[in-house]
Protein chains: 2
Amino acid sequence: MANKARPIEGCDCTVIHEVIVNLVREKMPQEETLYDLAELFKVFGDSTRIKILWALDEAEMCVCDIAVLLNMTQSAISHQLRVLRQSNLVKNRREGKVVYYSLDDEHVRQIFNQGLIHVNEEK
Amino acid sequence: MANKARPIEGCDCTVIHEVIVNLVREKMPQEETLYDLAELFKVFGDSTRIKILWALDEAEMCVCDIAVLLNMTQSAISHQLRVLRQSNLVKNRREGKVVYYSLDDEHVRQIFNQGLIHVNEEK
DNA sequence: TGAACAGTTGAACAAGCGTTCATATATATT
DNA sequence: AATATATATGAACGCTTGTTCAACTGTTCA
């Protein structure tokens with residue numbers, strides 16, 4: 001159900017803006033949706049995970065490969081891969097002792113590219 | 001300058017994957033670029049800031065308006081607006097006592113929309 | 001000038017997060 | 001069965017972060 005307009009009890013200035021505030025309130029997506037969105041971006045908000053995703057966008061790799069590539073411990077990489085797995089951003093397949101990881105989402109690249117545009121504009 | 005291929009000293013399996021690892025290494029963007037990208041997503045990784053950005057995408061609003069809209073203290077909103085300002089995501093203008101904030105980046109909506117696609121796919 | 005209002009800022013606190021270390025699991029090899 | 005390799009996991013540790021509280025700045029109006 002849509003959010004209903006309701007009496008404002010804030011600053012004086014907001015009383016004047018009542019119409020606008022209520023209009024924005026109606027247009028806002030569901031609380032839960034915005035929360036999920038923040039959770040997704042939180043996952044992107046770590047350079048180790050960004051690097052992992054970027055690497056996996058180039059090629060399927062095993063945990064050990066990624067650790068060498070990023071010059072980090074295998075444990076640290078494994079922990080981060082779990083986060084990425086739980087966010088449905090990567091998938092894995094086992095081949096003997098080796099577990100290969102790959103991207104599980106084709107939007108990642110587009111999201112990153114949009115982000116890069118902003119980053120590069122700041123110069 | 002591009003990253004150079006270098007001898008692998010990791011797990012046995014990575015020695016086998018040496019060619020791939022070095023290929024990915026060459027294709028990775030600069031360390032600093034990936035760091036900046038993570039910093040940007042870190043800003044998006046908080047539901048309060050997501051809500052503020054979403055609201056400002058609908059209409060220019062003053063600090064007090066946002067506080068009422070999100071049912072939070074004005075101080076908390078002001079702190080978050082500072083973060084958004086420092087990331088060049090919002091701008092402000094003063095009109096008497098009131099400071100109005102608005103979006104300062106047209107990519108935000110596109111980044112959010114891409115994120116929403118992922119979020120909605122998980123169902 | 002002084003009171004009221006809108007917003008900002010710094011310190012403090014709890015909660016969350018990323019890495020490390022030690023250990024556990026799973027598979028392959030001998 | 002015992003060993004080695006590849007990965008996963010839990011606890012612990014320091015660091016970061018979001019909110020609150022109190023104090024401060026800046027503007028308007030009487």
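The values are calculated or read from the model by the stated rules, or taken from the named source; none is laboratory data. These figures come from a predicted structure and were not determined experimentally. Cβ atoms come from the backbone with ideal geometry, glycine included; neighbour counts cover every protein chain shown. In case anyone asks, the SASA skips ligands and DNA or RNA and just uses the protein heavy atoms, side chains included. Shrake-Rupley method; radii C 1.70, N 1.55, O 1.52, S 1.80 Å.
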Quiz item: Of the conditions (1) part of a helix (DSSP H, G or I); (2) touching a residue at least 40 places away in the same chain (Cβ under 8 Å); (3) not hydrophobic (A, V, I, L, M, F, W, C), B:Y101 fails just one. Which one is it?
Solution: (1)
Quiz prompt | Condition broken by B:R82, with the remaining ones in (1) over 14 Å from B:K51 (Cα atoms); (2) within 16 Å of DNA strand D (Cβ to nearest atom); (3) surrounded by 14 or more Cβ atoms within 10 Å (Cβ to Cβ); (4) more than 7 Å from chain A (Cβ to nearest Cβ) satisfied | solution = (3)
Quiz prompt | Unique match (being under 17 Å from B:K91 (Cα atoms) and modelled with pLDDT of 95 or more) among B:Q80, B:Q74 | solution = B:Q80
Self-check item: In the range B:89-123, the residues that are open to solvent by less than 70 Å² (accessible area, probe 1.4 Å), at the interface with chain A (Cβ under 7 Å from one of its Cβ atoms) and polar (S, T, N, Q)
Solution: B:Q114
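How many of the residues making up the range B:39-52 are within 10 Å of DNA strand D (Cβ to nearest atom) and within 7 Å of chain A (Cβ to nearest Cβ)? Break it down into steps so the answer makes sense when it comes.
If we filter the range B:39-52 for residues that are within 10 Å of DNA strand D (Cβ to nearest atom), which is where we start, we get B:39, B:42-49, B:51-52.
Checking the rest, the ones that are also within 7 Å of chain A (Cβ to nearest Cβ) come to B:42, B:44-47, B:51.
Final tally of qualifying residues: 6.
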Quiz item: Conditions: (1) in contact with a His (Cβ under 9 Å, 6 or more places away or on another chain); (2) farther than 19 Å from B:F41 by Cβ; (3) more than 8 Å from DNA strand D (Cβ to nearest atom). A:N71 meets all but one. Number of the miss?
Solution: (1)
Quiz item: Quick one: is A:V108 modelled with pLDDT under 95 and within 30 Å of B:W54 (Cβ to Cβ)?
Solution: yes
Quiz item: Going by the conditions given, is B:D57 free of Cβ contacts under 8 Å to residues at least 12 places away in the same chain, touching a helix residue (DSSP H, G or I) at 6+ places or on another chain (Cβ under 9 Å) and facing another protein chain (nearest Cβ under 10 Å)?
Solution: no
Quiz item: Hey, B:S75 hits all of (1) assigned to a helix (DSSP H, G or I); (2) open to solvent by less than 30 Å² (accessible area, probe 1.4 Å) but one; which does it fall short on?
Solution: (2)
